[in-house]
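Asks: Sharing a structure here in structure tokens format.
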Amino acid sequence: MVETLEAVRRRPGMYVGNLHDGSAVTNMALELVANAVDRALVGDCSRLDVQVEDDDSIVVGDDGPGIAADGGDGRRSLAEILERRFERPTVDGHRPHVHLGFGGAGLAAVNALSERFEIVTVHAGRRATGRYSRGVPLETLRVESTTSPSGTRIRFRADPQIFVPTAPSRATLFKRLKDLSFLLPQLRLSWTGAGEHHGRGLAELVALSCGDVIGGVAQRRAVVEGPEGPVDVEVALAWGEGSTDPPIFHTFVNLARTVDGTHLDGLLDALRGFFPRRGAVARRVGLSAAVAVVLADVQSGRPVRENLRTPAALPAVKEVTTEALRAWAERWPAAARQIRARGLAG
């Protein structure tokens with residue numbers, strides 16, 4: 001299915017969400033970020049920068065392979081990507097495709113809903129430059145030879161005829177970028193008001209959440225074959241020294257933060273199985289844990305998508321978490337004994 005950009009402008013909320021609270025513009029920015037993340041997942045992109053300028057323009061730049069002006073190898077040309085919206089799968093070399101915003105609006109939708117849209121992309125020694133307003137090209141796409149390194153830089157400003165305000169929700173956007181810095185340690189991220197972030201995975205996230213760690217961080221990443229396909233699981237758990245705080249759980253599905261679901265159930269099942277049942281609640285005191293799953297079959301609970309209900313996630317996460325805890329106990333036996341002792345008396 002191919003949609004004209006006029007159709008996107010007639011019903012913009014269908015493609016990017018709420019037009020009046022900043023979330024739609026945030027989703028437009030995340031759509032550009034998702035393209036770079038897709039390339040990072042296959043090892044083609046190592047740097048991503050996002051800037052929000054004083055006039056609400058958003059600039060997203062990466063060092064990925066760029067976009068081929070003429071397409072080829074089953075890919076659409078740059079003009080097609082920017083001027084027509086397709087409902088067919090993206091050729092990105094991995095599965096599932098990343099959607100960080102409202103649900104994969106595509107560059108064409110962002111272009112259509114922008115007062116100004118400018119792109120410079122370098123691919124295989126050729127630089128393509130384009131300028132648009134509300135989806136209409138202001139000049140012929142310019143393509144020239146270059147010795148510059150590959151990459152893409154897009155600058156857009158949301159159309160004030162459609163969006164009030166035209167600014168993104170900075171807090172939401174930057175929170176998503178910070179999450180990505182932990183979920184994708186291979187990608188160096190920077191954004192307005194922050195230096196470069198190069199996370200060390202979920203282990204760093206839980207360590208920051210709980211302060212001084214008892215022993216070390218239990219962590220593991222593995223792909224578990226499930227009935228509906230592979231489930232990529234990463235878990236990390238740590239206990240804070242002297243902490244009496246309730247447990248903190250960070251949960252993610254396909255790079256998006258969630259609030260509950262079968263992936264968290266799997267982590268909790270592993271904790272219950274690894275430690276004796278008596279005093280189980282006490283052993284969660286001071287705990288900081290994170291679990292991230294990537295899977296093709298995402299079944300979400302209602303009314304929000306932040307509740308994962310895919311059954312295959314539970315046994316996969318339980319298996320990986322149990323292995324992480326076993327390796328942690330072997331490496332830091334004193335820490336394991338300290339946690340096991342909690343709640344046994346009385």
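Asks: Could you list Met28, Met14 so that the one with the fewest beta carbons within 10 Å of its beta carbon is first and the one with the most is last?
Replies: Starting with the residue having the fewest Cβ neighbours, the order is Met14, Met28.
Asks: Trypsin sites (Lys or Arg not before Pro), restricted to region 32-78: which are DSSP loop and have at most 16 other Cβ atoms within 10 Å?
Replies: The qualifying sites: there are none.
Asks: Are there trypsin sites (Lys or Arg not before Pro) in region 116-152 that DSSP puts in a loop and that have at most 12 other Cβ atoms within 10 Å, and which ones?
Replies: none
Asks: Calculate how large, on average over all directions, the projected area of the Cα convex hull of region 181-256 is; give the answer in nm² to one decimal.
Replies: With the hull built on Cα positions only, its mean projection is 6.8 nm².
Asks: So, one more: Would you mind calculating the gained length between Val143 and Glu323 on full extension (0.36 nm times residue separation, minus the Cα-Cα distance), in nm to one decimal?
Replies: Result for the pair: 59.6 nm of gain on full extension.
Asks: Quick one: go through region 136-155 and flag any residue whose amide nitrogen is under 20 Å from the point 7 Å out along the Cα-to-Cβ line of Ser77.
Replies: Zone members listed by number: 136-146.
Asks: Work out, step by step, the length gained on full extension between Ala282 and Asp54: first 0.36 nm times the residue separation, then minus their alpha carbon distance; give nm to one decimal.
Replies: Difference between extended and current length: 77.2 nm.
Asks: Can you give the Rg to Rh ratio for the chain, taking only C-alpha atoms and Rh from Kirkwood?
Replies: 1.03
Asks: Rounded to two decimals, what ratio of Rg to Rh does region 202-341 give with C-alpha atoms and a Kirkwood Rh?
Replies: That ratio equals 0.97.
Asks: Would you work out if region 2-191 is rounded, prolate or oblate? Take a ≥ b ≥ c from the square roots of the eigenvalues of the alpha-carbon gyration tensor; rounded if a/c is under 1.5, else prolate when a/b is larger than b/c, oblate otherwise.
Replies: rounded
Asks: Among Val122, Val259, Val52, which comes first, then next, by fewest other beta-carbon atoms within 10 Å?
Replies: Val259, Val52, Val122
All of the numbers you see were taken from the coordinates with simple rules; none came from a lab. From a predicted model like this one, the values you see are computed outputs, not experimental measurements. Ideal geometry is used to build each Cβ from the backbone, glycine not excepted, and the neighbour counts take in all protein chains shown.
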